Amino acid sequence: MTSDPKSPSLSLDDLDRLRNEAESEFSSIKNDADAETFRIKYLGKKGILRELVKAVRDIPAESRPAFGSKANELRVHFETRFEEAPWKAGAIEAESASFDPGLPGFPILQGSLHPLTQIRNQIRDIFLSMGFTVSYGPEIETDYYNFEALNTPKHHPARDMQDTFYITENHLLRTHTSPVQIRVMESMKPPIRSIMPGRVYRNEEISSRSYCLFHQIEGLYVDENVSFADLKGTLLAFSRRFFDEKTKIKIRPSFFPFTEPSVEIDVECFLCKGSGCSLCKHSGWLEVLGAGMVHPNVLRNCGVDPEIYSGFAFGIGIERIALLKYGIEDIRLFYENDVRFLKQF
Ligand code: DAH
């Protein structure tokens, strides 16, 4: 080391180097033993900094005053710091005594995705794997998108003040995700394959089965030669991926103004496999979604020529599927955010 105080070639630079070395050893002191080692090495009777002062006499006369005062300053510097350091009060010992690395840590609660988000993601991922894209639309809609463009005339019961939250005469909270179909068809040219998840609102009496807000995933497929067989095949494939690979589906005729023909699709009850249980009210089937072939008027409203293109659409109620899948009796549990409920998922 360059800091041997007996070396006849000691210079002011050596003092700088010595200072750096001592500084780094000082800052790595972790306990009383380290502190004592430092003290003996630098500040003890035979310590480097004391010997340094003695070495002044070996320095050539002309540089002696400068060297002497710098060496002295260095010793005082470390003596002062050492005096003021925390271990003087036994702090290092006390600190390490109060920290027991063997104690178990505090439990950190890990959050998880809301069950409705989990179901939505599962449904979304199945359709993404089939080549569908994801689109979104506004929750505040105009009368045109929510009803008119969807072939729902003024007198239709779905427009009843009982069901729809109107904001102005012309603006409302969307009652379904179907208006996003219109926006998608207005903004893209066929072939269109898209799903549209989101919140919807209805002015319904709040009960264990219905709530004023819920979630849907809309689906739309428009291209040349899209047939009812494509609708069946797609929704069967979806049901088998989502519920069970042997799931059967049942298609019942229904009515929606924006599809013709319109259907409702039931899946075989995944709990009793069709033999009848309380979940399926002993019918063996669970109603899961509405669907149909897009009505030619709807295509026309969006500038899509029904002579060239056809399509199917479907709407899935996310709460409905989540209630079924998890055997939950009360829809309100989804919105209360009670951690005791949420942490089960
Ligand atoms: N919008 C309908 C509802 O909220 C569900 C629905 C039915 C959507 C048939 C569709 C469809 O796209 O083709 O009850």
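We did not get these values from a lab; they are worked out from the coordinates using the rules stated. From a predicted model like this one, the values you see are computed outputs, not experimental measurements. Glycine gets a Cβ as well: all are built from the backbone with ideal geometry, and neighbour counts include every protein chain shown.
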The chain - Rg and Dmax from Cα coordinates, angstrom
39.0, 112
Once amide hydrogens are built 1.01 Å from N within the peptide plane, the residues lying 5 or more places from residue 165 or on another chain with amide H under 5 Å from its amide H are 173, 203
How far, in degrees from 0 to 90, does helix 115-129 lean away from the longest principal axis of the Cα atoms of the chain, to the nearest 10?
80 degrees
Residues with amide H under 5 Å of residue 256's amide H, sequence separation 5 or more or different chain, H placed in the peptide plane at 1.01 Å from N; which?
262
Least to most buried among 117, 152, 177, 37 (fewest other Cβ within 10 Å first)
37, 117, 152, 177
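According to the Cα gyration tensor, what semi-axes, each the square root of 5 times an eigenvalue, does the equivalent ellipsoid of the range 12-98 have, listed from largest to smallest in whole Å? Please list the in-between numbers first.
On the way: eigenvalues 178, 23, 19 Å².
Over the Cα atoms of the range 12-98, the semi-axes work out to 30, 11, 10 Å.
Quick check for me: using +1 on Lys/Arg Cβ and -1 on Asp/Glu Cβ, what's the dipole size of the range 192-345 about its Cα centre, in debye to the nearest 20? Mind showing how you got there, number by number?
Working: 19 positive and 20 negative charges, 111 e Å.
Dipole about the Cα centre, nearest 20: 540 debye.
Mind sorting 248, 30, 45 by how few other Cβ atoms lie within 10 Å of their own Cβ, fewest first? Working shown, then result.
Working: 248 16, 30 10, 45 7.
Arranged by neighbour count, lowest to highest, 248, 30, 45 become 45, 30, 248.
Please report, in cubic angstrom per residue, the volume enclosed by the convex hull of the alpha-carbon atoms of the range 155-274.
Cα convex hull per residue, to the nearest whole number: 145 Å³.
Based on alpha-carbon positions alone, could you give the equivalent ellipsoid semi-axes of the range 205-277 from the gyration tensor, as √(5λ), descending, whole Å?
Working: eigenvalues 109, 85, 30 Å².
So the equivalent ellipsoid measures 23, 21, 12 Å along its semi-axes.
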Quick one: Karplus J couplings for the range 272-281, per residue in order, coefficients 6.51, -1.76, 1.60, θ = phi - 60°, nearest Hz, x for Gly and Pro?
9, 6, x, 7, x, 8, 6, 4, 9, 6
Under Karplus coefficients 6.51, -1.76 and 1.60, residue-wise ³J(HN,Hα) of the range 324-332 in Hz, glycine/proline x
5, 4, 9, x, 8, 8, 10, 5, 5
Quick query: amide H of residue 289 versus all other amide H atoms, modeled in the peptide plane; which residues come in under 5 Å with a sequence gap of 5 or more or a different chain?
265
Specify which residue in the list 40, 67, 24 is farthest towards the positive end of the charge dipole of the range 12-98, using unit charges on the beta carbon of Lys, Arg (+1) and Asp, Glu (-1), about the Cα centre.
67
Using a simple charge model, +1 on the beta-carbon of Lys and Arg, -1 on the beta-carbon of Asp and Glu, nothing else, what dipole does the range 160-240 show about its Cα centre, in debye to the nearest 20?
340 debye
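Which entries in 250/325; 250/343; 248/325; 189/232; 232/325 show an alpha-carbon gap greater than 28 Å? Can you show the working numbers first?
On the way: 250/325 18 Å; 250/343 34 Å; 248/325 16 Å; 189/232 23 Å; 232/325 22 Å.
Table pairs above 28 Å Cα-Cα are 250/343.
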Under the 7 Å Cα-to-Cβ spin-label approximation, residue 36 and residue 125 lie apart by a distance in nanometres of 6.0 nm
